[in-house]
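Remarks on the structure that follows.
Taken together, the values in this text are just the output of simple stated rules run on the coordinates, not laboratory data. Note that the coordinates shown come from a computational prediction; the quantities given were computed from them, not determined experimentally. Please note: Cβ atoms are built from the backbone with ideal geometry, for glycine as well, and neighbour counts cover all protein chains shown.
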Amino acid sequence: MATLGMTLFHSTGSPFVRKVMLVLHETGQLEQVALHGVQLSPINPSAALNAGNPAGKLPALGLADGSVLHDSRVICDYLDQQHGSTPLIPRDGPSRWQRLTLASLADALMDAAVLIRYETFLRPADKRWDDWVQAQQGKIDRGLAQLEHEAASAPHGPFDIAAIGIVCLLGYLDFRQPQLGWRTRCPQLADWYAAVQERPSVQATQPSA
Ligand code: BEZ
């Protein structure tokens with residue numbers, strides 16, 4: 001752990017860690033955080049991470065006072081309270097609940113995509129449960145349809161916590177489900193996603209193994 005500032009338990013493959021990285025980039029706080037790389041799977045825990053987050057899940061953020069924040073929603077909320085620019089999470093009004101709900105949908109679809117990754121990559125082939133994978137994929141399919149509807153009705157919304165979540169979701173689908181072909185089903189979402197690729201924060205946080 002860094003002696004000053006913050007330490008982020010980090011993995012370049014985790015879409016939830018990427019959310020936090022995007023918030024750090026977008027709010028100018030990157031310099032205040034040391035990254036602690038963790039190679040993690042459900043059956044390969046990290047003792048250092050477990051000490052801060054008993055659930056053993058990424059991301060976790062160690063603060064200068066020794067306390068540890070988790071999960072990604074809590075960390076993003078915390079970081080968004082630490083800067084003086086336009087908040088990434090609307091502070092009040094209907095937009096707060098609308099954007100947080102959209103961000104929550106992106107989180108849920110990322111959860112489903114990560115669970116599919118574990119089931120199809122980590123679990124021994126003779127123990128895999130195809131119906132369960134299909135059910136997780138159904139969440140992604142329904143969620144993408146909802147996100148396409150959102151992109152069609154509000155194509156140029158702010159690059160806020162909802163946009164960040166959707167970037168992380170779509171980036172993770174490209175990373176782990178390149179065969180999905182979501183762009184064909186979601187052309188407006190694809191246009192929006194192509195436009196936001198120009199942001200330095202998005203370019204700097206592409207997922208990798
Ligand atoms: C992945 O590589 O797919 C991954 C890595 C960390 C957390 C979740 C997923």
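Quick notes on this structure:
- Label-point gap, in nm, between A48 and Q29 - each point 7 angstrom along Cα→Cβ: 2.1
- Alpha-carbon Debye profile of region 90-156, log10 I(q)/I(0) at 0.19, 0.20 Å⁻¹: -0.78, -0.82
- Hull-based mean projected area of the chain, where the convex hull spans the alpha carbons, in square nanometres: 12.0
- Percent RCO, i.e. relative contact order, over the chain, from Cα pairs under 8 Å lying at least 6 residues apart: 25
- Candidate lysines - alpha carbon under 21 Å from K57, same-chain residues fewer than 8 apart omitted: K19
- FRET efficiency for the R96 to S153 pair, using the beta carbon distance and R₀ = 22 Å, is estimated at 0.75.
- Each Lys or Arg adds one and each Asp or Glu subtracts one; over the other residues with Cβ under 15 Å from the Cβ of P207, this totals +3.
- For region 28-102, the set of trypsin sites (Lys or Arg not before Pro) satisfying both a DSSP loop assignment and a count of at most 15 other C-beta atoms within 10 Å is given as R91.
- Note on region 114-168 and region 180-209: Cα centroid distance 14 Å, given to the nearest whole angstrom.
- Surrounding net charge for R142, when Lys and Arg each add one and Asp and Glu each subtract one, Cβ distance under 12 Å: 0
- Net length gained if the chain between R199 and S104 were fully extended (0.36 nm per residue, minus Cα distance): 32.0 nm
- Restricting region 114-209 to trypsin sites (Lys or Arg not before Pro) that sit in a DSSP loop and have at most 15 other Cβ atoms within 10 Å of their own Cβ leaves R128.
- Counting DSSP beta bridges with both ends in the chain, the antiparallel % (nearest 5): 55
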